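What follows is calculated from the coordinates using simple rules that are stated; it is not laboratory data. It should be emphasised that the depicted structure is a prediction, and the values quoted were computed from it without experimental measurement. Ideal geometry is used to build each Cβ from the backbone, glycine not excepted, and the neighbour counts take in all protein chains shown.
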């Protein structure tokens, strides 16, 4: 049950990465207003393209490579330093490109310089090493302290609408400091290696193989905000980010399993245990599905009044946007399972790359059309449609390798449970006066109804859930 423990740790880590903006969002939205929130969202979307180029696919590649050699300290140490040195080189080169970019693009220059701290933070991010050896507890505990410090700094330093720069600095610096805290423990994990023995550039081509899908994936994370900022104004980038923050916070509970399973699946693949891999895939897909359907219908049900209550009345467009975006929770959960938990560990990078490139191209094209027609809602529908393309292609790509009847055995039951839960919770959300108590009541009612429906419908996953609970009890 090591996977379960690591899932719980990583779920905590993913939530922690979003918990500060989630807690501070109501305060920040009211202090900085839609314009200030939009400045941060828009400039951050730009810097993330440079962060992506600096990473070069190293995070996912490094995690996988460490998982392959983690039982040999010498090989693991050499692999780590080779990959990390490559990352230092790529980040230095990309920072040079960023400086050139600022000489060409002369808008929001001060904000972009502050955002560039995220580039330095990316160079020092070694969390992939800890994930490769399945040590998720350390990253959670270390970053908890950093996130709490960030929380305090935001409330102390950000007081008025003109403090956008302070806010951007605090968020970027927290990423940098959080990554630095992971370095001291490396002395206990790694053994000395000779500099002359390092072959840094042998990792370049393999990382490029994973760099392409990461570029495409960034479309869903950043391009929508950038295009909304260009086509409609930066405040719409802020609306999109606020919707995305809440939806992705919920989604992180599901996708955290992907990060945990990648090294586990990679280790099984390295040993040639295909039967174990398929069984892990089916179980993971089923567990993600039962969570994803509950989250999708739950978020959709409360989104209408949650967004303006949480962020302030001026952010009312976030509510309808969240309802649309909630659909991607199911789609990303499925594509995360097939792509990151199966295709990447089994070195089927071409299929994984093709899926996200198709989705990215589709997203880019539909964004132009849908944003022009429906604005913010159009960007959301473009995202949903693109995720459909990604997931559909991945399912087609593995059709001869896995049994769909095993993977989708319980899906219809989860759909029924989600719909039955959605109706009463949605009616409560639009009929009751919105407050912390009523929102809490809606969540509790939703959980009770969904769990009750699962017990009535009796999907086969119940046996696995009971086994986990029994393990925890023992």
Neighbour-count ranking for 226, 405 (other C-beta within 10 angstrom, fewest to most) reads 405, 226
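When the chain is fully extended, how far beyond the present Cα-Cα distance does residue 392 get from residue 432, taking 0.36 nm per residue of separation? Please list the in-between numbers first.
On the way: separation 40, 0.36 × 40 = 14.40 nm, distance 3.87 nm.
Separation in residues times 0.36 nm, less the Cα-Cα distance, equals 10.5 nm.
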For the chain (alpha-carbon point model, no solvent) the Debye-based log₁₀ I(q)/I(0) at q = 0.09, 0.11 Å⁻¹ works out to -0.61, -0.95
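Which whole-number percent is the relative contact order of segment 2-409 (Cα, under 8 Å, 6+ apart)?
Values: 586 pairs, mean separation 94.9, N = 408.
Dividing the mean separation by the residue count of segment 2-409 yields 23 percent.
Compute the length gained on full extension between residue 374 and residue 275: take 0.36 nm times their separation in residues and subtract their Cα-Cα distance, giving the result in nm to one decimal. Each step should come with its number before you reach the end.
Details: separation 99, 0.36 × 99 = 35.64 nm, distance 4.73 nm.
Stretched fully, the residue 374-residue 275 segment lengthens by 30.9 nm.
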How high is the FRET efficiency from residue 194 to residue 460, r the C-beta distance, R0 60 Å, rounded to 0.05? 0.70
Between segment 437-455 and segment 74-91, the Cα center-to-center distance that results, in Å: 47 Å
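Which value results when the Cα radius of gyration for segment 331-411 is divided by 2.2 N^0.38 Å?
Rg over 2.2 N^0.38 Å, computed on Cα atoms: 1.21.
Return the calculated 222 nm mean residue ellipticity for the chain, to the nearest 500 deg cm²/dmol, obtained by summing -39500 (n - 2.57) across DSSP H runs with n ≥ 4 and dividing by the residue count. Mind dumping the intermediate values first?
Details: 21 runs with 383 residues, N = 474.
Per the formula, -27500 deg cm²/dmol.
So, R0 is 30 Å and r is the distance between the beta-carbons of residue 183 and residue 160; what FRET efficiency does that work out to, to 0.05? Could the numbers behind the result be given before it?
Numbers: r = 36 Å, r/R0 = 1.19.
With R0 = 30 Å, the Cβ-Cβ based efficiency is 0.25.
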Ordered by packing density, taken as the mean number of other Cβ atoms within 10 Å over each peptide's residues, highest first, how do 241-248, 334-341 rank? 334-341, 241-248
Which value in nm describes the separation of the simple spin-label points at residue 412 and residue 230, placed 7 Å from the Cα toward the beta carbon? 4.5 nm
Net lengthening on full extension, residue 384/residue 97 (0.36 nm per residue, minus Cα-Cα): 100.1 nm
For 107, 70, what ranking results if the residue with the fewest other Cβ atoms within 10 Å of its Cβ goes first? 107, 70
